[in-house]
Amino acid sequence: MPKKLISVDPKLPPWRQKTPLHNRWHPDIPPVASVSEGEVFRVECVDWTGGQIKNSNSSDDVKNVDLSQVHYLSGPIKVENAEVGDLLKVEFLDLGTLDGDEWGFTGTFAKENGGGFLTDHFPKASKAIWDLEGIYCTSRHIPGVKFAGLIHPGLIGTA
């Protein structure tokens, strides 16, 4: 298993993590770890809401999500000997859930909290929890549906 550079506890909010997380791109944010060119390593991340959405049957967390506290990022990670202007190639070797946290969600924002492009048809907050097993996911909120729930990295950047 590759060296773990950044660990997170999904039960803790972003501001209480052992390694600081951030939700802004800014050159004054210092690196929290460093790697050598070509080094293989592991980085853990919180979900895009910073853990505001819970594995529950209530959609109140989606209705009341604080959208000023989202898109938390793990890092920055310094690449030794890289200089401003260098072209960096980042390759994902594996992408998955954290042990004990094998779930995701689909949510519809409430009209009073910004809504979405279907707000006129679906004005109230709703949520479906998806339990991930291997590459497949199922939902207790949408019985009879099973599909390949491919995880994506969300936001990633280099500086």
* When both residues are 6+ apart or on different chains and their Cβ atoms are under 8 Å apart, which pairs have a first residue that lies in the stretch 10-30 and is within 25 Å of T158 (Cβ to Cβ) and modelled with pLDDT under 95, and a second that is open to solvent by 100 Å² or more (accessible area, probe 1.4 Å) and not in a loop (DSSP other than H, G, I, E, B)? -> L21/W15
* **The lone exception for E44 - which of (1) open to solvent by less than 30 Å² (accessible area, probe 1.4 Å); (2) in contact with a Pro (Cβ under 7 Å, 6 or more places away or on another chain); (3) not hydrophobic (A, V, I, L, M, F, W, C) it fails** => (2)
* Structure fact -> Note: among K63, K3, K89, K54, just one is open to solvent by 70 Å² or more (accessible area, probe 1.4 Å) and touching a Phe, Trp or Tyr at 6+ places or on another chain (Cβ under 6 Å), namely K3
* Structure fact -> V90 passes all but one of the listed conditions (1) under 24 Å from H22 (Cβ atoms); (2) of a type in the set (A, V, I, L, M); (3) modelled with pLDDT of 95 or more; the exception is number (3)
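Per-residue answers, yes or no, for (1) of a type outside the set (S, T, Y); (2) under 19 Å from the mean Cα position of the chain (by Cα); (3) within 20 Å of G114 (Cα to Cα):
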residue: K4; (1), (2), (3): yes, yes, no
residue: W15; (1), (2), (3): yes, yes, no
residue: T19; (1), (2), (3): no, yes, no
residue: E39; (1), (2), (3): yes, no, no
residue: I77; (1), (2), (3): yes, yes, no
residue: N81; (1), (2), (3): yes, no, no
* Has the stretch 95-104 got at least one residue that is under 22 Å from G149 (Cβ atoms) and touching a helix residue (DSSP H, G or I) at 6+ places or on another chain (Cβ under 6 Å)? -> no
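The values are calculated or read from the model by the stated rules, or taken from the named source; none is laboratory data. Predicted model, so just to flag it, every value in this text is computed and none were measured. Neighbour counts are summed over all protein chains in view; Cβ atoms, including those assigned to glycine, are modelled from backbone coordinates with ideal geometry. Accessible surface is based on the protein model in full, side chains and every heavy atom, while ligands, DNA and RNA are left aside. Shrake-Rupley method; radii C 1.70, N 1.55, O 1.52, S 1.80 Å.
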